[in-house]
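Below: one structure, written as structure tokens.
The values are calculated or read from the model by the stated rules, or taken from the named source; none is laboratory data. Only a predicted model underlies this, so the values are computations on that prediction, with no experimental measurement involved. Please note: Cβ atoms are built from the backbone with ideal geometry, for glycine as well, and neighbour counts cover all protein chains shown.
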Amino acid sequence: MNCCKEKYAYECSHEVQRMTYVAKGAKHGPSPIPEEGKWVKSTQITDMSGLTHGIGWCAPQQGTCKLTLNVKKGVIEEALIETIGCSGMTHSAAMAAEILSGKTILEALNSDLVCDAINTAMRELFLQIAYGRTQTAFSEGGLPIGSGMEDLGKGLRSQVGTMYSTNTKGVRYLEMAEGYVLEIGLDEKDEVIGCKFVHLGKMMEAIKKGISHKEAFEENVNSYGRFDEAVKKIDPRKE
């Protein structure tokens, strides 16, 4: 007795061949998942759409990648790769940016994206997209190409937080989303109450437009917190 219908006539073991055929009853299709404001029963790669973010890490955990993908009908139309912690990872990000756009998410999942942290991030994003857990799951029509770039904000720089501290000398603010920290302000108890920073992205844009570097620097210096009330101000890279 044949184990299955002719169109599914794959090679079967002797035990299976002797079994009585039982017809399949109800069709158990895929569960619908939310995609860009619609409920989709995904059966093909082309059924998947969404913009989402995720992070990955390398095996020695010396660096990490934040990956943002904007997928339309299974194809990566936009990719933003941000890395930190490893000098070689920045070059890997450049190569991965060329590799990713235009690939289907299945192709990208099975591509060598040069850095293990980027590969891991791709795996995590694939899971989000495949299970309808994207950032745009309930956004009608999703987001246009170019939305990923908006994550960078003005000056097109990654949101970076770099802080250092020792038990002996305390904390040093080095860089945050607002910019490169120039000074930190302390109160009468020597506790941090604010900082002065320069927004590097805006400063470089001004220099590119022909403004002198001194003027561009001064125009993009600002403060955060109660820096103006500080009784002591220190350079976090020197003092």
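Below are the figures for this structure:
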| read-out | value |
| --- | --- |
| Exclusive hit being touching a Lys or Arg at 6+ places or on another chain (Cβ under 9 Å), surrounded by 15 or more Cβ atoms within 10 Å (Cβ to Cβ) and at positive phi, set GLY74, GLY50 | GLY50 |
| Qualifying residue in segment 34-44 (condition: touching a Ser or Thr at 6+ places or on another chain (Cβ under 8 Å) and farther than 17 Å from PHE138 by Cα) | no |
| Residues of segment 1-40 satisfying the condition of being at pLDDT 90 or above and part of a loop (DSSP other than H, G, I, E, B) | PRO30, SER31, PRO32, GLU36, GLY37 |
| Number of the condition not met by VAL171 [criteria: (1) at pLDDT 95 or above; (2) within 26 Å of TRP39 (Cα to Cα); (3) touching a strand residue (DSSP E or B) at 6+ places or on another chain (Cβ under 9 Å)] | (2) |
| Cβ-Cβ under 7 Å pairs, at least 6 apart or on other chains, segment 123-139 side closer than 16 Å to GLU107 by Cα and modelled with pLDDT under 95, far side of a type in the set (Lys, Arg) and crowded, with 16+ Cβ neighbours inside 10 Å | none |
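Yes/no per residue for (1) surrounded by fewer than 16 Cβ atoms within 10 Å (Cβ to Cβ); (2) within 31 Å of the chain's Cα centre (by Cα); (3) closer than 18 Å to LEU156 by Cα:
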| site | (1), (2), (3) |
| --- | --- |
| GLY194 | no, yes, no |
| GLY210 | yes, no, no |
| HIS213 | yes, no, no |
| ALA216 | no, yes, yes |
| ASN220 | no, yes, yes |
| VAL231 | yes, no, no |
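To keep it simple, each residue is scored yes or no on (1) modelled with pLDDT of 95 or more; (2) surrounded by 14 or more Cβ atoms within 10 Å (Cβ to Cβ); (3) more than 15 Å from the chain's Cα centre (by Cα).
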position	(1), (2), (3)
ASN70	yes, yes, no
CYS86	no, yes, yes
ILE99	yes, yes, yes
GLU107	yes, yes, yes
ASN110	yes, no, yes
GLY148	no, yes, no
LEU152	no, yes, no
GLY155	no, yes, yes
